[in-house]
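What follows is calculated from the coordinates using simple rules that are stated; it is not laboratory data. Since this is a predicted model, take the numbers as computed values, not measurements. No Cβ is skipped: glycine too gets one built from the backbone with ideal geometry, and neighbour counts run over all protein chains shown.
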Amino acid sequence: MLGLKDLGISYNEVPPGKSGCPFHNHHVEEELFVIIDGEGEYRFGSERFAVAKGDVLGAPAGGHETAHQLINTGPGVLIYLGISTKAQTEIVEYPDSGKFLAKTNRADGTRFRFIGRDGGPLDYWDGEPGA
């Protein structure tokens with residue numbers, strides 16, 4: 001009803017001792033987190049910050065210096081809203097595991113999504129017949 005097509009929101013409940021997602025950074029999308037209840041730790045780049053109900057956190061697009069993760073360090077459930085831009089094409093890196101995610105929309109409207117490990121480049125012609 002509002003006409004928004006490039007904005008997403010998620011409601012998240014994280015049990016004690018768990019994280020809401022792996023430590024990651026986006027190359028295109030920006031994220032905003034609103035802590036609804038509970039307490040935890042916001043890992044951002046090389047720093048860690050205590051967070052609690054009412055805190056608002058940002059994660060701009062960028063390299064590993066903007067990698068982020070919410071971890072529940074409290075005794076109860078950590079509840080937060082995640083609000084983000086929704087890019088058609090995105091690269092996400094996971095610095096702790098060396099993984100990456102590439103995603104986009106194909107011309108026919110189906111999604112292309114690939115998660116791999118950064119294990120070194122391939123030649124442009126690798127695996128191509130007649131190369």
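Below are the figures for this structure:
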read-out	value
Test: residue in the range 99-113 that is touching a helix residue (DSSP H, G or I) at 6+ places or on another chain (Cβ under 6 Å) and either within 19 Å of ASP6 (Cβ to Cβ) or surrounded by 10 or more Cβ atoms within 10 Å (Cβ to Cβ) (or both)	no
Test result for GLY3, over 23 Å from ASP96 (Cα atoms) and in a loop (DSSP other than H, G, I, E, B)	yes
Cβ-Cβ under 8 Å pairs, at least 6 apart or on other chains, the range 3-23 side in contact (Cβ under 8 Å) with a residue 24 or more places away in the chain, far side acidic (Asp, Glu) and surrounded by 10 or more Cβ atoms within 10 Å (Cβ to Cβ)	PRO22/ASP96; PHE23/ASP96
Residue within the range 37-55 that is touching a residue at least 24 places away in the same chain (Cβ under 8 Å), on the phi < 0 side of the Ramachandran plot and not in a strand (DSSP E or B) present	no
Some residue of the range 82-96 being surrounded by fewer than 18 Cβ atoms within 10 Å (Cβ to Cβ), touching an Asp or Glu at 6+ places or on another chain (Cβ under 8 Å) and on the phi > 0 side of the Ramachandran plot	no
Residue ID - surrounded by the fewest Cβ atoms within 10 Å (Cβ to Cβ), chosen from residues in the range 8-18 that are within 14 Å of the chain's Cα centre (by Cα) and over 11 Å from ILE79 (Cα atoms)	ILE9
